[in-house]
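Report on the structure given below.
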Amino acid sequence: IIQMPDIDASLVEVTKTNSPKDKLPPSKLRFGHTFTDHMLTIPWSSSSGWGTPEIKPYAKLELDPSSTVFHYAFCLFEGMKAYRNEDGTVRLFRPDMNMARMNRSASRIALPQFDGKQLEELIKKLVVLDSEWIPKEKGYSLYIRPTLIGTQNALGVNPSSDALLFVICSPVGPYYASGFKPVQLLATTKFVRAAPGGTGGYKLGANYAPGVVPQAEAAKEGYSQNLWLLGEEHALTEVGTMNLFVAFKKPDGSVELVTPPLDDVVLPGVTRDSALQLARAHESGELVIPGLPEKMTVSERKLIMADLVEAEKNGTLLEVFGTGTAAIVSAVDKIGYEGRDINIPTGPDGLGAIAKGILDRITAIQTGEIEHPWSVIA
Ligand code: COI
């Protein structure tokens with residue numbers, strides 16, 4: 001066995017830009033359209049392992065046209081966010097979760113794995129260097145995009161003998177063009193996002209491009225995203241940029257908050273996990289989250305479209321919302337399904353009480369307003 005060197009954050013070479021770019025006012029930011037002054041790159045090869053990490057001015061990559069990423073989608077990525085408060089403290093939210101998921105994704109497409117702690121240290125260095133770019137306004141943050149691609153110059157379909165890990169950062173506000181307003185979903189039966197045994201549970205680039213034609217078709221009918229279903233029963237899976245939560249009123253007056261279980265068609269979202277943990281802490285009485293019903297149960301269980309249709313009919317469909325790093329917590333007020341719309345109530349400011357309670361708690365932790373071990377100082 002050859003001992004492969006892992007990423008060594010202490011070797012990092014830092015080159016600062018001589019020509020910092022102008023920054024847009026937050027209100028002008030479109031999600032993922034503006035990038036900061038610096039980036040991180042780390043090359044890998046099967047013969048020598050991870051090379052020297054470099055933090056350097058944001059620049060184009062130079063890649064051979066035969067690189068494996070261009071032909072067979074050797075590409076995976078993460079989405080993370082950094083926050084900055086008035087005193088200048090920069091915080092990351094649960095970066096260990098992203099590092100673990102990135103390694104899981106890498107294992108699925110034979111790209112190299114790494115020590116997540118080392119990459120986390122390098123990401124901290126990068127965001128601190130570019131911290132001036134982090135908007136302080138409520139609902140705004142720095143979106144961090146760690147990416148790993150195959151760079152071997154060869155057209156055979158094999159594990160890539162070369163790879164490049166890079167990290168870029170983008171100051172962002174709301175993910176949806178509608179701002180923080182509720183979104184409309186089209187539950188599609190014409191296309192599927194993922195199937196059992198496939199790659200839907202991994203954060204691979206290849207999971208996303210096939211979703212844009214269905215999304216464009218949904219947009220033509222006035223819906224912003226697709227709700228991906230699976231199987232004859234039309235089981236709910238996820239939205240593609242969000243995991244999904246549904247709240248039902250039970251006959252005894254209590255509330256059940258449900259999200260589909262993690263199987264290999266649902267992406268294990270960091271915000272999903274955070275929302276679940278907070279809701280469960282509220283359920284057990286360990287934590288009281290304002291806005292959440294006093295009697296609430298939390299379940300990860302299979303949900304089918306017939307459950308939603310039925311609940312709408314009975315007046316027991318209370319809320320639907322999505323969670324994601326980019327989307328944070330976004331209310332859903334309409335789901336198109338089989339030629340009609342399921343209408344879902346939302347609160348006065350466009351968010352139901354449960355979505356708002358969870359959003360407020362998560363953002364308070366992310367910004368450091370509430371001290372919590374999930375928020376890590378960079
Ligand atoms: C995220 O929430 O970070 C995502 O990756 C969703 C999307 C922008 C692809």
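The values are calculated or read from the model by the stated rules, or taken from the named source; none is laboratory data. Small disclaimer: the values here were computed from a predicted structure and weren't measured. FYI the Cβ positions are ideal-geometry reconstructions off the backbone, even for glycines, and counts take in every protein chain you see.
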Open item on the list: Within the range 210-255, take every residue that is surrounded by fewer than 19 Cβ atoms within 10 Å (Cβ to Cβ) and acidic (Asp, Glu) and give me the one that is farthest from ALA194 (Cα to Cα).
Closed with: ASP252
- [ ] Return yes or no: is VAL298 at pLDDT below 95, β-branched (Val, Ile, Thr) and either in contact with a helix residue (DSSP H, G or I) (Cβ under 8 Å, 6 or more places away or on another chain) or within 16 Å of the ligand (Cβ to nearest atom) (or both)?
- [x] no
Open item on the list: Would you confirm whether or not the range 172-186 contains a residue that is modelled with pLDDT of 95 or more, within 16 Å of the ligand (Cβ to nearest atom) and under 30 Å from LEU308 (Cβ atoms)?
Closed with: yes
Task: Flag for ALA275 being within 16 Å of the ligand (Cβ to nearest atom), under 27 Å from ALA195 (Cα atoms) and either touching a helix residue (DSSP H, G or I) at 6+ places or on another chain (Cβ under 8 Å) or aliphatic (A, V, I, L, M) (or both) - done: yes
Open item on the list: Going by what's in this entry, would ARG340 be described as free of Cβ contacts under 8 Å to residues at least 24 places away in the same chain, more than 16 Å from the ligand (Cβ to nearest atom) and within 20 Å of MET242 (Cβ to Cβ)?
Closed with: no
Task: Unmet criterion (only one of (1) within 16 Å of the ligand (Cβ to nearest atom); (2) closer than 24 Å to LEU204 by Cα; (3) in contact with a helix residue (DSSP H, G or I) (Cβ under 8 Å, 6 or more places away or on another chain); (4) not polar (S, T, N, Q)) for PHE114 - done: (1)
Task: Identity of the residue in the range 123-175, more than 17 Å from the chain's Cα centre (by Cα) and charged (D, E, K, R), that ends up nearest to ILE109 (Cα to Cα) - done: ASP162
Open item on the list: Just to be sure I understand the filter: pairs with C-beta atoms under 6 Å, separated by 6 or more residues or on different chains, first member in the range 239-263 and within 23 Å of LYS313 (Cβ to Cβ) and within 16 Å of the ligand (Cβ to nearest atom), second member charged (D, E, K, R) and outside any loop (DSSP other than H, G, I, E, B). Which pairs pass?
Closed with: THR259/GLU300
- [ ] Would you please name the residue that is nearest to ARG145 (Cα to Cα), looking only at residues in the range 29-85 that are within 16 Å of the ligand (Cβ to nearest atom) and surrounded by fewer than 14 Cβ atoms within 10 Å (Cβ to Cβ)?
- [x] HIS33
Open item on the list: Contact list please: Cβ distance under 6 Å, first residue in the range 122-147 and in contact (Cβ under 8 Å) with a residue 60 or more places away in the chain, second residue of a type in the set (S, T, N, Q) and surrounded by fewer than 23 Cβ atoms within 10 Å (Cβ to Cβ), pairs at least six apart or on different chains.
Closed with: TYR143/SER170
